[in-house]
Amino acid sequence: MSESVAETVTTAAAAINKSVNNMPVKLARDSLLPWMSDDVLALVSPVISYWLFSLMFLGLDHLKAADKYRIHTIEEAEKRNRASKFHVLTHVLFQHLLQTFFGFALITYLDSNGVQHESANPWFIALPISLAKITAAFMIVDTWQYWLHRLMHYNKKLYKYLHSVHHELYVPYAFGALFNSPAEGFILDTFGTGIAMLITNLSAREQIILYNFATMKTVDDHCGYVLPYDPFQVCFNNNSIYHDIHHQPFGLKYNFAQPFFVFWDNLLGSSFREFNVLDSSAHLPKEQRSFGKNRLDINKYKEFLKNRRAARKDLSDVDAYKIEAGIAGEAKKIN
């Protein structure tokens, strides 16, 4: 009897050992930087990317080297924006501090419950898997931000106390991309991206790609320029003009999509309804429409804005804010 039990245990142990040996192995790799773990790099690098990319656009502002590609003039930005540059700066720095603190807390928790390692699979196996996971994370971030963003525009209290801070910039600029109330910044950006990371089980290096790409894309969407051959604006319909429309009084109830794709706007009809006026290839048959060029033509958009101002078709910035926040009574239809 005892020999039979011993034999059974031995057989079971051998089977378990064999199955464990056949499982996919994940090994820890050296960090990308010898003085910093990849987990920490995933938290620090987006902040560096944000300010370096923003500095490039600040340089263009200062040198006036690309004024013909600006959507709005510097004078218009100074006149219309309700928040000072210093106020924006302090809010963004606090947002970065908050997201970094949350990130450290999250990786500490994850490390205590099992360290994430990079896949030891060959690159030709690991790369497609990583691309699929990052793309899925893009979709999750877009879905999270679209619905919360839209809710904040349709709920007057949420708009007034959370989202209206971001809309103090009627003329967006690069380092104002994360100018939000602290609560909105945490819920929409930090928490939303964290959820996407957890659902898709991104490794530290995949997180580096997601966080930096999302950061630079958001800065580019708010940069106020339509630069030729800008990869973010060439590859994505959700670009600086698309988002600028949302910051104008006539666009507050349109173009909620951020930061990557526009599929929710297209599915639910919340894309700006005069889009065909702006699409430089809209007059062509669908199969002949251009790809790889800015779909929204900057000169047509400038002319469009000029004509609306001349016709006095829109609410003032202040009136639009009051209606959106429910301060001026029942909301009126915004043309």
Can you work out which of the residues in region 284-335 that are assigned to a helix (DSSP H, G or I) and basic (Lys, Arg) is modelled with the lowest pLDDT? LYS286
Quick one: count up the residues across region 72-88 that are assigned to a helix (DSSP H, G or I) and of a type outside the set (Lys, Arg). 8
Which numbered condition SER130 fails, given (1) touching a strand residue (DSSP E or B) at 6+ places or on another chain (Cβ under 9 Å); (2) under 24 Å from ASN239 (Cβ atoms): (2)
Among the numbered conditions (1) in contact (Cβ under 8 Å) with a residue 12 or more places away in the chain; (2) within 18 Å of ALA42 (Cα to Cα); (3) among the hydrophobic types (A, V, I, L, M, F, W, C), tell me where LEU148 comes up short. (2)
Pairs returned, first residue in region 226-240 that is within 20 Å of ASN299 (Cβ to Cβ), second residue that is charged (D, E, K, R) and not in a helix (DSSP H, G or I), beta-carbon separation under 7 angstrom, 6 or more apart or interchain, are ASN237/ARG295
Scan region 45-66 and report the pairs whose first residue is among the small types (Gly, Ala, Ser) and whose second residue is surrounded by fewer than 18 Cβ atoms within 10 Å (Cβ to Cβ) and outside any helix (DSSP H, G or I), with Cβ atoms within less than 8 Å and a gap of 6+ or a chain change. GLY59/ALA65
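Can you tell which of ILE208, ILE195, ILE187 is touching a helix residue (DSSP H, G or I) at 6+ places or on another chain (Cβ under 8 Å) and touching a residue at least 60 places away in the same chain (Cβ under 8 Å)?
Numbers: ILE195 fails: touching a residue at least 60 places away in the same chain (Cβ under 8 Å); ILE187 fails: touching a residue at least 60 places away in the same chain (Cβ under 8 Å).
Selected residue: ILE208, the only one of ILE208, ILE195, ILE187 that is touching a helix residue (DSSP H, G or I) at 6+ places or on another chain (Cβ under 8 Å) and touching a residue at least 60 places away in the same chain (Cβ under 8 Å).
Answer with yes or no whether VAL226 is hydrophobic (A, V, I, L, M, F, W, C), crowded, with 19+ Cβ neighbours inside 10 Å, within 19 Å of the chain's Cα centre (by Cα) and at pLDDT 85 or above. Show your work before the answer.
Values: hydrophobic (A, V, I, L, M, F, W, C): yes; crowded, with 19+ Cβ neighbours inside 10 Å: yes; within 19 Å of the chain's Cα centre (by Cα): yes; at pLDDT 85 or above: yes.
Spelling it out, VAL226 is indeed hydrophobic (A, V, I, L, M, F, W, C), crowded, with 19+ Cβ neighbours inside 10 Å, within 19 Å of the chain's Cα centre (by Cα) and at pLDDT 85 or above.
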Only residues in region 128-145 that are among the basic types (Lys, Arg) count as the first member; pair them with residues that are part of a helix (DSSP H, G or I), Cβ under 7 angstrom, at least 6 apart or cross-chain, and list the lot. LYS133/THR200; LYS133/GLU206
For region 149-156, state whether one or more residues are more than 22 Å from PRO259 (Cα to Cα), crowded, with 16+ Cβ neighbours inside 10 Å and at pLDDT below 95. yes
So ALA214 ticks every box in (1) modelled with pLDDT of 90 or more; (2) more than 16 Å from the chain's Cα centre (by Cα) but one. Which box is left unticked? (2)
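The values are calculated or read from the model by the stated rules, or taken from the named source; none is laboratory data. Here the structure is a predicted model, which is why all the values come from computation and not from measurement. We place every Cβ from the backbone using ideal geometry, glycine too, and count neighbours over all the protein chains shown.
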